[in-house]
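Please read the structure below before turning to the comments.
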């Protein structure tokens, strides 16, 4: 009689089954959230959910002010990327890497990708120089920003626009 | 696909103590997006590298968190300060529990 025990709450499964019998389950989807949407997130849910870039910035940095760091961040990107599947990017921050004052993390965010947070690089003073590079996938022409978090919590940002001829996210 | 997880690391051939060395590293990995190579959609559980750990002299010097927005066969460059001869080890972890490692010897000439 374990399953028959009434816990006093209606489970989603039981509710759907009951309404499915009445042909009403479609009405519930907006109420309970789309189950397919959840499964399509799969193992990505904890990493970078699909969201607009403003939501990403808010999730990562809250309401902390982000200063313009164009002077100290060298963001290297092509102006026009013919192939969005491979867009080389490198970020070089001219900041001392001492234990007291160093670059703690570099975030690479592309505004129009479905998951705007592309990569987060956590660095330590042992790096000697805050320099990272990788290849990105960009879905369409977009602004790419590098946000640098210093050890004292300061946030600096540099932005560049990249024109993408053939998108690299469509699979 | 048999090559998944092969790691290639390149460090400059002549390093002096105290130099800031730029390292390039490449790993063979599909970094799955919406479709698999055979055109079938992937519903969930995408196969991609989500974490890269760099250790030098058995000390962690950097950790990268990556997403599918990084290209197939991901390539990273970074720099580190070579203080002593030793092993630079780079570990890649993917979402299917795979662990791929590459090492490079740091030697002074």
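The values are calculated or read from the model by the stated rules, or taken from the named source; none is laboratory data. Keep in mind it's a predicted model, so treat the numbers as computed, not measured. Here the Cβ is made from the backbone with ideal geometry for all residues, glycine too, and neighbour counts use every protein chain on show.
Observations
- Long-range neighbours under 6 Å by Cβ, at least six apart or interchain, first residue within 9 Å of chain A (Cβ to nearest Cβ) within the stretch B:27-39, second part of a loop (DSSP other than H, G, I, E, B) and at pLDDT 85 or above: B:31/B:48; B:31/B:72; B:32/B:48
- Of all residues making up the stretch B:96-109, the number that are part of a loop (DSSP other than H, G, I, E, B) and under 10 Å from residue B:49 (Cα atoms): 3
- Being crowded, with 20+ Cβ neighbours inside 10 Å and either in the same structural domain as residue A:63 (by TED's automatic domain parsing) or in contact (Cβ under 8 Å) with a residue 40 or more places away in the chain (or both) is a property that residue A:160 lacks.
- The number of residues in the stretch A:119-148 that are closer than 30 Å to residue B:89 by Cβ and free of Cβ contacts under 8 Å to residues at least 60 places away in the same chain comes to 19.
- Looking only at residues of the stretch A:111-131 that are more than 7 Å from chain B (Cβ to nearest Cβ) and in a loop (DSSP other than H, G, I, E, B), we find that the one that is surrounded by the most Cβ atoms within 10 Å (Cβ to Cβ) is A:116.
- On inspection, residue B:101 fails the criterion of being within 10 Å of chain A (Cβ to nearest Cβ) and either touching a residue at least 40 places away in the same chain (Cβ under 8 Å) or touching a strand residue (DSSP E or B) at 6+ places or on another chain (Cβ under 6 Å) (or both).
- Listed by position, the strands (runs of 3 or more DSSP E) contained in the stretch B:10-95 that have at least 3 residues being at pLDDT 90 or above and over 15 Å from residue A:121 (Cβ atoms) are B:20-27, B:86-94.
- Residues satisfying the stated conditions in the stretch A:84-110, i.e. without any contact (Cβ under 8 Å) to a residue 60 or more places away in the chain and facing chain B (nearest Cβ under 7 Å): A:90, A:110
- Any hit, the stretch A:46-53, residues being under 16 Å from the mean Cα position of the chain (by Cα), within 11 Å of another protein chain (Cβ to nearest Cβ), exposed (fewer than 12 other Cβ atoms within 10 Å of the Cβ) and not in a strand (DSSP E or B): yes
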